[in-house]
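The values are calculated or read from the model by the stated rules, or taken from the named source; none is laboratory data. Just so we're clear, the structure is a prediction, and the values are computed from it rather than from any experiment. Positions of Cβ are generated from backbone atoms using ideal geometry, with glycine treated the same way; all protein chains shown enter the neighbour counts.
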Amino acid sequence: MSTAPRSDEATTPPTIGMVGGGQLARMSHQAAIALGVHLRVLAASVDDAAALVSPAKALGDPGDPEDLRRFADGVDVVTFDHELVDLDALAAIERDGLAATRPSAEALRFATDKAHQRRRFAAAGLPLPRHRTTTDVDEARRAAGELGWPVVVKTARGGYDGRGVWVLADEAQLDELLHDLTTDAGLAEVIVEEAVSIVREMAVVVVRSPDGTERSYPVTETVQVDGICRETITPARVPEDVAAEARRIAEQAAEVAGAVGLIAVELFHDGEAVTINEVATRPHNSGHWSIEGAVTSQFENHLRAVAGLPLGDTQQLAPVVVSANVLGHADGRDPVQHLAGALAVPGAHVHLYGKGPRPGRKLGHVTVLADSLDDARQRARSAVAALGDPVPEVD
Ligand SMILES: Nc1ncnc2c1ncn2[C@@H]1O[C@H](COP(=O)(O)OP(=O)(O)OP(=O)(O)O)[C@@H](O)[C@H]1O
Ligand SMILES: [Mg+2]
């Protein structure tokens with residue numbers, strides 16, 4: 001399966017198994033339906049977003065080596081909707097030839113371990129915020145002193161949606177955090193880094209084939225509020241040379257990580273330099289716009305890549321594409337009960353993930369294609385306001 005089929009050759013596409021039953025697996029499932037490709041999901045519960053819609057689901061814990069192995073044994077290719085996977089078990093699956101793992105355990109480690117990621121990207125000469133990785137309290141304090149205040153501290157493993165990231169104003173706050181992160185086993189590995197004066201936060205989604213063929217999507221701007229992505233704007237509001245630089249860096253990062261399938265590269269622009277924040281080796285929130293907004297969606301391209309099929313065109317279909325996330329409203333409303341309000345907005349493409357409506361939880365997104373940013377943004381926001389927490393009025 002390592003060589004792509006010739007376009008005039010008859011081959012049965014592999015059965016793909018996606019580990020994780022969240023919204024990314026749910027939207028991958030939609031893409032699989034269109035292609036007629038078999039997708040199975042390994043979900044933790046029958047109520048998971050993808051388990052609700054997939055007839056071919058297995059229930060199990062991706063962190064449990066036995067569950068992962070059993071799942072891999074029933075498919076040709078294993079891929080992922082999240083990174084919380086036992087990497088040793090995955091490496092054993094590769095070694096024993098139970099299934100092709102795309103991405104590999106080695107590539108996935110870039111996403112599960114931010115310290116590993118930083119070391120590998122730094123060694124490859126990729127631009128990063130000034131930082132230090134350490135498991136030593138004194139070294140962490142020294143690094144913060146050198147980098148200056150405020151300083152950012154992140155745990156190397158286990159963070160998502162801003163959990164595991166702290167901006168600290170002074171030494172007292174740092175000491176308190178380091179104390180909290182210390183157990184009998186010592187300090188959990190952290191990255192201490194400069195607080196970047198972010199002008200624009202961006203993401204570039206890159207799709208990569210097993211043979212190394214790569215395509216990147218146009219640069220997306222991610223509007224973050226309190227560490228959570230609320231809105232994406234494509235193309236990002238950055239000069240053309242900055243966008244080109246961002247794509248070049250992202251494509252190189254994909255290569256260094258040895259990604260197969262999608263890799264989303266989160267980047268900062270501080271008005272002068274572009275630096276890499278982090279990567280995720282799977283479909284990503286910053287690529288949801290591509291479902292309606294690009295010739296080929298990120299989900300379809302991920303499936304194409306991991307199946308060894310030709311990659312699809314990543315071009316954007318309208319001058320501006322805005323996607324806004326539906327986060328659970330404080331009043332606990334179920335967005336599906338407010339569909340009418342959202343669908344009354346012209347051109348609003350509504351996606352709901354079937355998840356229980358908890359305040360602040362990502363429950364869906366809305367995408368609008370338009371000729372102008374104001375128009376796209378205003379329509380996406382008004383549909384989101386009907387469904388969940390309104391997007392704050394930020395630039
Ligand atoms: N060095 C930094 N300087 C300034 N802001 C930062 C820095 N690092 C992170 N942030 C802010 O915090 C957000 C979350 O950080 P990061 O992406 O590392 O965490 P995460 O929890 O893994 O993210 P995700 O939401 O992608 O799961 C970033 O999107 C950015 O807005
Ligand atoms: Mg992030």
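With respect to VAL260, is the statement that it is more than 15 Å from ligand 1 (Cβ to nearest atom), of a type outside the set (S, T, N, Q) and within 28 Å of VAL85 (Cβ to Cβ) true? Spell out the reasoning first.
On the way: more than 15 Å from ligand 1 (Cβ to nearest atom): yes; of a type outside the set (S, T, N, Q): yes; within 28 Å of VAL85 (Cβ to Cβ): yes.
Yes; evaluated as a whole, the condition is true for this residue.
The numbered conditions (1) within 22 Å of the chain's Cα centre (by Cα); (2) at positive phi are all true for GLY347 except (1).
What number of residues within region 272-291 satisfy the criterion of being near ligand 1 (Cβ under 9 Å from one of its atoms), part of a strand (DSSP E or B) and either hydrophobic (A, V, I, L, M, F, W, C) or under 8 Å from the mean Cα position of the chain (by Cα) (or both)? Residues that pass the stated criteria total 1.
Among the helices (runs of 4 or more DSSP H) lying completely within region 58-135, list those that include at least 3 residues that are out of contact with any Ser or Thr (no Cβ under 7 Å at 6 or more places or on another chain) and touching a residue at least 60 places away in the same chain (Cβ under 8 Å). Working first, answer last.
Working: elements: 65-73, 87-95, 105-112, 114-123.
In region 58-135, the matching helices (runs of 4 or more DSSP H) lie at 114-123.
The combined condition, being buried (at least 20 other Cβ atoms within 10 Å of the Cβ) and either under 16 Å from ARG230 (Cβ atoms) or touching a residue at least 60 places away in the same chain (Cβ under 8 Å) (or both), is fulfilled by ALA380. Here is a check on your reading of the model: is ALA107 of a type in the set (A, V, I, L, M, F, W, C), within 15 Å of ligand 2 (Cβ to nearest atom), surrounded by 20 or more Cβ atoms within 10 Å (Cβ to Cβ) and within 26 Å of GLY63 (Cβ to Cβ)? Considered against the rule, which asks whether it is of a type in the set (A, V, I, L, M, F, W, C), within 15 Å of ligand 2 (Cβ to nearest atom), surrounded by 20 or more Cβ atoms within 10 Å (Cβ to Cβ) and within 26 Å of GLY63 (Cβ to Cβ), ALA107 comes out as no. Determine, yes or no, whether ARG358 is touching a Gly at 6+ places or on another chain (Cβ under 7 Å) and among the charged types (D, E, K, R). The answer is yes for ARG358. Taken over region 141-164, residues that are within 15 Å of ligand 1 (Cβ to nearest atom) and at pLDDT 95 or above amount to 13. Among the residues of region 23-53, the ones that are touching a residue at least 40 places away in the same chain (Cβ under 8 Å) and out of contact with any Phe, Trp or Tyr (no Cβ under 8 Å at 6 or more places or on another chain) come to 10 in all. Assess whether ALA318 counts as being surrounded by fewer than 20 Cβ atoms within 10 Å (Cβ to Cβ), away from ligand 2 (no atom under 16 Å from the Cβ) and closer than 30 Å to ALA254 by Cα. It is true that ALA318 is surrounded by fewer than 20 Cβ atoms within 10 Å (Cβ to Cβ), away from ligand 2 (no atom under 16 Å from the Cβ) and closer than 30 Å to ALA254 by Cα.
I'm checking my understanding of the structure. Among residues of region 155-200 that are within 16 Å of ligand 2 (Cβ to nearest atom), of a type in the set (A, V, I, L, M) and in a loop (DSSP other than H, G, I, E, B), which one is nearest to the chain's Cα centre (by Cα)? Checked region 155-200; the qualifying residue nearest to the chain's Cα centre (by Cα) is ALA156. Of the residues contained in region 212-221, one or more are found to be buried (at least 16 other Cβ atoms within 10 Å of the Cβ) and of a type in the set (Lys, Arg). Of the residues screened, THR234 is not one that is in the same structural domain as ASP371 (by TED's automatic domain parsing), closer than 27 Å to ALA380 by Cα and within 13 Å of ligand 1 (Cβ to nearest atom).
Within region 71-87, the residues that satisfy the criterion of being surrounded by 19 or more Cβ atoms within 10 Å (Cβ to Cβ) and within 17 Å of the chain's Cα centre (by Cα) are THR79, PHE80, ASP81, GLU83, VAL85.
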